[in-house]
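**Student:** Just passing along the structure, written as structure tokens.
The values are calculated or read from the model by the stated rules, or taken from the named source; none is laboratory data. Every value quoted in this text rests on a predicted model; they were computed, and no experiment measured them. No Cβ is skipped: glycine too gets one built from the backbone with ideal geometry, and neighbour counts run over all protein chains shown. Just so you know, the surface numbers come from the protein's heavy atoms only, side chains and all, with ligands and any DNA or RNA stripped out. Shrake-Rupley method; radii C 1.70, N 1.55, O 1.52, S 1.80 Å.
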Amino acid sequence: MPEISRVRTVSIITILIAMLVCAFFLALSLGPTTVPFAAFIPDDPLGMLGSLFSGGDIARFFSDQTSYLIVYSIRLPRVIAAILVGAGLAAAGTAMQGLFRNSMADPYIIGTSAGGAFGAAFTIVFMGGLFLPVFAFFGAIGSTFLVYAIATHRGRASVETLLLTGIAISMFFSSILSFLMYSAGKSLHQIVFWLMGGFWNVSWNDVWLGLLIPIGGILLIALARDLNILSLGEEDALHLGVNVEQFKRILLFVSSALTAVAVSIAGAIGFIGLITPHVMRLIVGPDHRILFPTSMLAGGLFLLIADTLTRSFLGEMPVGVITSFVGAPFFIMLLRRRMRA
């Protein structure tokens, strides 16, 4: 990487991190009840750290117990979850766009979202929403395995066949989802809200599940070099020593697992995985070694800002409404710009 390009990359990453940190503290402060920044700081920071590692009660280190409850018990897990989900969807979108060599691809392109929606709707209708994140996760993963199994012939799955199979499986699960919604009765509103995506029910358990996302992101960054080679074409990648079929399987399942985790935490949130990689590609270029980390930072930032807006000013409107409302016109603008180029 040329030196000037390295300096530019470091500058972009630094700016994104700084923006994310600022948005993080603003998100903790803003809401129906505004909490001053001073309320975040414990009276005895060292004592609180010792109590934290020993499993003691850290609430006693804060003078304002109400602010402590709002920030650390309610807003902090929600803020962390929004960052993790945004980063996961952006990383999965980057991987899908690289795999399909199409900037129009997104994390839901092979039926992951439809499978997750089916799993969530199933437990809402028949089990009262019990273990919803678990059912959504395994529904999303299961649909991905199904797509790959159907698309594979003689140990090989072409990109085109994966895409077409994913569309067919998505339609199949969508039809079952429509039937479940028709049969849901009083549970219909819960399914609809989940499909729109949001963080109103997020707890610390969801955050622990979301910690799988950075692990998946690191794995994708490790695969970035081979993904750069694959973007040249499968035949060229084979000649350059890449095991194309094995690499596609790994890339597909890591990105699908990221999407499944995100869907199980927050429902189906659109446009993050489509818009963020596309925008960052225009800024940092097509090198996936740079594109993965910058897209994850930008995705986390975008979703955190969107969720803060809905929570603070829009009466807990599902965050998926905001991402689609902002993302669709922006994406149309990018397409028009691309057509003129």
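**Student:** Does region 150-164 contain any residue that is more than 27 Å from Ser295 (Cβ to Cβ), touching a residue at least 40 places away in the same chain (Cβ under 8 Å), open to solvent by 20 Å² or more (accessible area, probe 1.4 Å) and of a type in the set (Ser, Thr, Tyr)?
**Tutor:** Checking region 150-164: not a single residue is more than 27 Å from Ser295 (Cβ to Cβ), touching a residue at least 40 places away in the same chain (Cβ under 8 Å), open to solvent by 20 Å² or more (accessible area, probe 1.4 Å) and of a type in the set (Ser, Thr, Tyr).
**Student:** Out of all the residues in region 71-86, which are open to solvent by less than 10 Å² (accessible area, probe 1.4 Å) and in contact (Cβ under 8 Å) with a residue 60 or more places away in the chain?
**Tutor:** Those that are open to solvent by less than 10 Å² (accessible area, probe 1.4 Å) and in contact (Cβ under 8 Å) with a residue 60 or more places away in the chain: Pro77, Val79, Ala81, Ala82, Val85, Gly86.
Residue by residue, here is whether (1) in contact with a Ser or Thr (Cβ under 8 Å, 6 or more places away or on another chain); (2) at pLDDT 90 or above; (3) of a type in the set (Lys, Arg); (4) farther than 22 Å from Arg337 by Cα holds:
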position	(1), (2), (3), (4)
Leu252	yes, no, no, yes
Thr259	yes, yes, no, yes
Phe271	yes, no, no, no
His278	yes, no, no, no
Ile290	yes, yes, no, yes
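**Student:** Kindly indicate whether any position in region 70-79 is within 15 Å of the chain's Cα centre (by Cα), at pLDDT 90 or above and closer than 27 Å to Pro133 by Cα.
**Tutor:** Taking every residue of region 70-79 in turn, at least one turns out to be within 15 Å of the chain's Cα centre (by Cα), at pLDDT 90 or above and closer than 27 Å to Pro133 by Cα.
**Student:** Counting only residues that are closer than 17 Å to Ala87 by Cβ, give me the helices (runs of 4 or more DSSP H) lying completely in region 208-304 with at least 1 of them.
**Tutor:** The helices (runs of 4 or more DSSP H) meeting that bar are 212-222, 224-230, 244-266, 272-284.
**Student:** Still on this model: Which residues, counting only those in region 173-201, are farther than 23 Å from Val261 by Cβ, in contact (Cβ under 8 Å) with a residue 24 or more places away in the chain and surrounded by 15 or more Cβ atoms within 10 Å (Cβ to Cβ)?
**Tutor:** Once the filter is applied, which keeps residues that are farther than 23 Å from Val261 by Cβ, in contact (Cβ under 8 Å) with a residue 24 or more places away in the chain and surrounded by 15 or more Cβ atoms within 10 Å (Cβ to Cβ), region 173-201 yields Met181, Ala184, Ser187.
**Student:** Which of (1) at pLDDT 85 or above; (2) in contact with a Pro (Cβ under 6 Å, 6 or more places away or on another chain) does Gly88 not meet, given it meets every other one?
**Tutor:** (2)
**Student:** While we're here: Looking only at residues that are modelled with pLDDT under 85 and of a type in the set (Val, Ile, Thr) in region 102-147, which one is surrounded by the fewest Cβ atoms within 10 Å (Cβ to Cβ)?
**Tutor:** Only one residue fits best here, namely Ile109.
**Student:** Follow-up. For region 25-45, name all the residues that are open to solvent by 50 Å² or more (accessible area, probe 1.4 Å), closer than 30 Å to Val284 by Cβ and part of a helix (DSSP H, G or I).
**Tutor:** Passing the criteria: Phe25, Leu26.
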